[in-house]
1. What distance in nm lies between label points placed 7 Å from Cα along the C-beta direction at ASN88 and GLN261?
2. Grab the DSSP H runs of the chain that are 4 residues or longer, score each as -39,500 (n - 2.57), total them, divide by all residues and round the 222 nm result to the nearest 500 deg cm²/dmol.
3. State the antiparallel share, in %, of DSSP beta bridges confined to the chain, rounding to the nearest 5.
4. Can you find, among ALA267, ALA184, GLN226, the residue sitting farthest towards the positive end of the charge dipole of the chain, where Lys and Arg contribute +1 and Asp and Glu -1 at Cβ?
5. Using 1/(1 + (r/R0)^6) with R0 = 45 angstrom and r between the beta carbons of LYS204 and LYS282, what's the FRET efficiency to the nearest 0.05?
6. Can you tell me which of 141-154, 58-71, 38-51 comes out highest on packing, and rank the rest after it, using the mean Cβ neighbours within 10 Å?
7. Considering every pair of different Cα atoms, what Kirkwood radius, in Å, is found for region 143-287?
8. Report, in debye and to the nearest 20, how large the dipole of the chain comes out about its Cα centre when Lys and Arg carry +1 and Asp and Glu carry -1 on their Cβ.
Amino acid sequence: MDLKQALKNLQKGDTAPAIVRPSAAPKAPLIEIFHSVQGEGRFVGAPMAFLRVATCPLRCLYCDTPNSYEALPRLPVRLSVREVQEPNPVAADRAAELVRQVVTSCEPNAKTNRLSITGGEPLVFPEFVREVGRLVRAKGMRMHLETAAIHPEALATCIDQVDHLSADYKLPETLGAPQKPELALAAGASYGALHRRCCEVAIKRGASVDVKIVLTDRTTDASLEQAYAELGPVRDKILLVLQPVTPFGAVTKSVARVDLQRYLAMALRLQFDVRVLPQVHKVLQVP
């Protein structure tokens with residue numbers, strides 16, 4: 001188009017379509033963004049927004065979110081009275097805006113707004129987690145991170161934007177074959193040292209820390225003793241959460257009552273601050 005034609009278009013009010021530049025913010029594939037009171041650990045029952053990231057390098061036998069292993073082309077964003085679809089992957093600034101919309105629609109007058117980034121495994125995308133955290137915290141929200149806690153270096157990348165860490169402690173007998181062969185455990189080994197290092201990263205940052213151990217009918221005393229010993233150095237800085245499994249998939253039985261009582265007594269004897277909390281969202285029929 002020459003200059004004369006461009007001038008005529010302007011005089012007639014014609015304008016070229018706006019150029020939409022892609023966001024430079026880090027991106028991640030997401031499964032959903034929603035609001036719930038499902039919580040984790042000390043925050044069970046607390047209303048907050050949840051952002052679920054896709055992909056996970058582990059395969060827990062009790063996993064009840066296998067849909068989070070792979071993202072779909074579009075994800076649901078659940079507002080209070082409607083649901084919208086958002087294309088994947090999502091840039092961190094767009095994700096933060098969608099979280100703001102969910103919070104505004106579901107708890108507009110809450111004294112404290114919280115976002116929990118969960119998975120899948122969020123630490124596959126630590127830069128995304130960090131940027132979302134930075135943006136929502138700038139709006140006065142508190143940022144929670146739920147993780148399998150096997151990537152202390154990735155956690156260190158984003159921990160400055162995390163107010164609360166909910167870290168799993170994976171007992172070896174609750175795990176299937178991992179997605180990546182290099183994550184496979186040798187006989188008698190565990191991820192315990194990595195779990196403890198993640199706790200130490202969060203404690204150094206000043207974040208509150210809950211450590212969740214899922215208990216199944218396969219759990220052994222020796223496995224729990226090893227877990228408690230590994231967590232011993234951070235015992236006074238964490239809340240230990242023992243979670244009787246909700247049967248799902250390959251896990252058809254929960255931990256027996258007598259075993260649960262023994263595992264609790266072991267933790268109390270070692271002076272852990274401990275809670276026994278099953279999953280509540282299935283009972284409450286919430287997401």
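Derivation of every value follows stated rules applied to the coordinates shown; laboratory data play no part. Bear in mind that the values here come from a model prediction, so they are computed numbers and not experimental data. Counting neighbours? That spans all protein chains shown, and the Cβs are built from the backbone with ideal geometry, glycine included.
1. Each label point lies 7 Å from its Cα, and together they span 4.5 nm.
2. Working: 8 runs with 85 residues, N = 287.
That calculation yields -9000 deg cm²/dmol at 222 nm.
3. Details: 16 of 43 bridges.
Rounded to the nearest five, the antiparallel share is 35 percent.
4. Farthest along the dipole direction, towards plus: ALA267.
5. Details: r = 35 Å, r/R0 = 0.78.
My answer for the efficiency is 0.80.
6. Details: 141-154: 22.2, 58-71: 17.5, 38-51: 20.6.
Taking the mean over residues of other Cβ atoms within 10 Å, the ranking is 141-154, 38-51, 58-71.
7. Details: mean 1/r = 0.0630 Å⁻¹.
Hydrodynamic radius (Kirkwood, Cα only) of region 143-287 equals 15.9 Å.
8. Numbers: 36 positive and 30 negative charges, 140 e Å.
Dipole magnitude for the chain comes out near 680 debye.
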